[in-house]
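Trainee: Handing you this structure, nothing more for now.
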Amino acid sequence: MASTQTWSEGNGATAATVTTSRAECNWKNIDDSTTAYTSSPINSTTNSNSFTKYQSLYFAGTWNSISVVTLFIDNNAPATGLSIVGSVVTSGTTPSTTASGDSALSTTGLAANLTTTAMGYAAGSSSSTASGAINVNALRTQLQTTSSYAGGPGNITSRTITCAWTES
């Protein structure tokens, strides 16, 4: 039997309010997982950033081993003057629009560990043989604007964040 996976999002104080079974990540000007991004757009004319987002992949089911977990994005520059930054973290901080200090989100992969704590907020281990329930370290992301962005508030091209792993 193979594992099953779902994404979770952490919001609120220390990003500890967890919403499970997320199908998308909307970078916007509010710290929640339910408000439409069109209702809380990022104000690019003042060089604002989105609130930081915390996401974790949750494994359930039965497996012999899960290891070599890697997180990456298909493109971290969705438009001129915009960048998607991010890093794998072992604890949450309260999401804000202050620049996170992270580098451009990797298009080739960031290593992440597995842990039994909610949202993967712990150092964890690079592999797991404990079937049942386990989380990947959280991925913190942020959409950042610069003065060269002329698009104004609104849609960006969809981006795909991928989690890859080895399973047996």
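Here, each number is a calculation from the coordinates, and none is a lab measurement. All values derive from a computational prediction rather than experimental measurement. A quick note on method: Cβ atoms are made from the backbone with ideal geometry, for glycine too, and the neighbour counts reach across all protein chains shown.
Trainee: Please state the relative contact order of the chain as a whole percent: Cα pairs under 8 Å, 6+ residues apart?
Mentor: It rounds to 32 percent for the chain.
Trainee: Now for a separate question. For region 3-167, take the alpha-carbon Rg, divide it by the Kirkwood Rh, and send me Rg/Rh.
Mentor: 0.98
Trainee: When you count, for each residue, the other Cβ atoms within 10 Å and take the mean per peptide, how do 4-13, 138-147, 34-43 rank with the highest first?
Mentor: Packing proxy ranking, top to bottom: 138-147, 4-13, 34-43.
Trainee: Could you work out the relative contact order of region 1-95? I mean the mean sequence separation of Cα pairs under 8 Å and 6+ apart, divided by the number of residues, in percent.
Mentor: RCO, region 1-95: 38 percent.
Trainee: At q = 0.12, 0.28 Å⁻¹, what is the log10 ratio I(q)/I(0) for region 103-168, with the Debye formula run over Cα points and no solvent?
Mentor: One equal scatterer on each Cα of region 103-168 leads to -0.47, -1.38.
Trainee: Order these by the 10 Å Cβ neighbour count, fewest first: Lys53, Lys28.
Mentor: By the 10 Å Cβ count, ascending: Lys28, Lys53.
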